[in-house]
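The block underneath contains the structure these notes are about, expressed in structure tokens.
The values are calculated or read from the model by the stated rules, or taken from the named source; none is laboratory data. Just so we're clear, the structure is a prediction, and the values are computed from it rather than from any experiment. Positions of Cβ are backbone-derived with ideal geometry, glycine not excepted, and every protein chain shown enters the neighbour counts.
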């Protein structure tokens with residue numbers, strides 16, 4: 001079983017990590033992207049990514065100082081601990097113990113515009129590069145064309161090694177799209193979270209993102225590897241709805 005998550009824009013490097021670390025699979029490709037981005041001025045970055053001048057300058061500086069990280073440093077720490085934001089508020093990776101982090105390292109994958117795909121303990125430097133960015137490279141007109149089938153092959157190899165066909169999609173459409181068209185024998189399950197508002201259950205972005213992180217945490221804490229067990233998810237008041245669910249889209253409802 002592999003669980004895929006989206007990254008977050010908010011990063012935090014103000015912590016000490018006592019976990020082991022690993023190195024991202026596609027550092028050479030990341031370096032290619034950085035070399036492309038290093039050639040751009042802050043105004044170009046602002047235009048490309050729709051950023052303020054302040055954020056564009058911050059990321060210009062990040063690109064200029066970026067190098068492939070293979071050792072823990074002040075600006076090079078495990079990805080799942082660095083990412084903050086709605087999903088990671090739910091995940092709360094900072095208080096997982098070593099055994100839980102080991103389980104996460106095997107089963108959790110974070111999709112990334114710059115790194116392609118990250119394991120929880122893969123070292124990551126600060127960056128901003130969303131998967132939907134239309135960055136022209138020698139491989140094509142955007143990051144989907146740049147990554148091609150590399151990320152999909154990585155995930156399929158992981159599943160094969162685990163003798164599993166289960167892929168749990170807790171990522172956004174923007175990021176999940178980088179996996180392309182998956183083989184029909186892969187069981188893709190996309191949990192959906194709805195909250196009650198104005199007389200109806202609906203997807204509310206902030207709550208749905210946090211719920212994806214909550215489910216990832218619940219899977220890690222309970223060492224869940226079977227699809228059937230997902231229906232037991234019950235954190236923060238969510239409950240499985242058999243009536244609203246299908247075999248590929250289990251729906252969880254919350255009436256606060």
Of the conditions (1) surrounded by fewer than 16 Cβ atoms within 10 Å (Cβ to Cβ); (2) out of contact with any strand residue (DSSP E or B) (no Cβ under 9 Å at 6 or more places or on another chain); (3) closer than 18 Å to residue 1 by Cα, the single one that residue 218 does not satisfy is (1)
Can you pull out every residue in the stretch 34-64 that is touching a residue at least 40 places away in the same chain (Cβ under 8 Å) and in contact with a helix residue (DSSP H, G or I) (Cβ under 7 Å, 6 or more places away or on another chain)? 34, 37, 51, 59, 63
Residue 120 modelled with pLDDT of 95 or more, crowded, with 24+ Cβ neighbours inside 10 Å, in contact with a strand residue (DSSP E or B) (Cβ under 6 Å, 6 or more places away or on another chain) and assigned to a loop (DSSP other than H, G, I, E, B): yes
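Per-residue answers, yes or no, for (1) in contact with a strand residue (DSSP E or B) (Cβ under 9 Å, 6 or more places away or on another chain); (2) crowded, with 16+ Cβ neighbours inside 10 Å; (3) not in a helix (DSSP H, G or I):
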site	(1), (2), (3)
127	yes, yes, yes
135	no, yes, yes
145	yes, no, no
158	yes, yes, no
169	yes, yes, yes
178	yes, yes, no
196	yes, no, yes
206	no, no, no
230	yes, yes, no
Got at least one residue in the stretch 95-117 being surrounded by fewer than 21 Cβ atoms within 10 Å (Cβ to Cβ) and in a loop (DSSP other than H, G, I, E, B)? yes
crowded, with 17+ Cβ neighbours inside 10 Å and either touching a helix residue (DSSP H, G or I) at 6+ places or on another chain (Cβ under 9 Å) or in a loop (DSSP other than H, G, I, E, B) (or both): is that true of residue 252 in this structure? yes
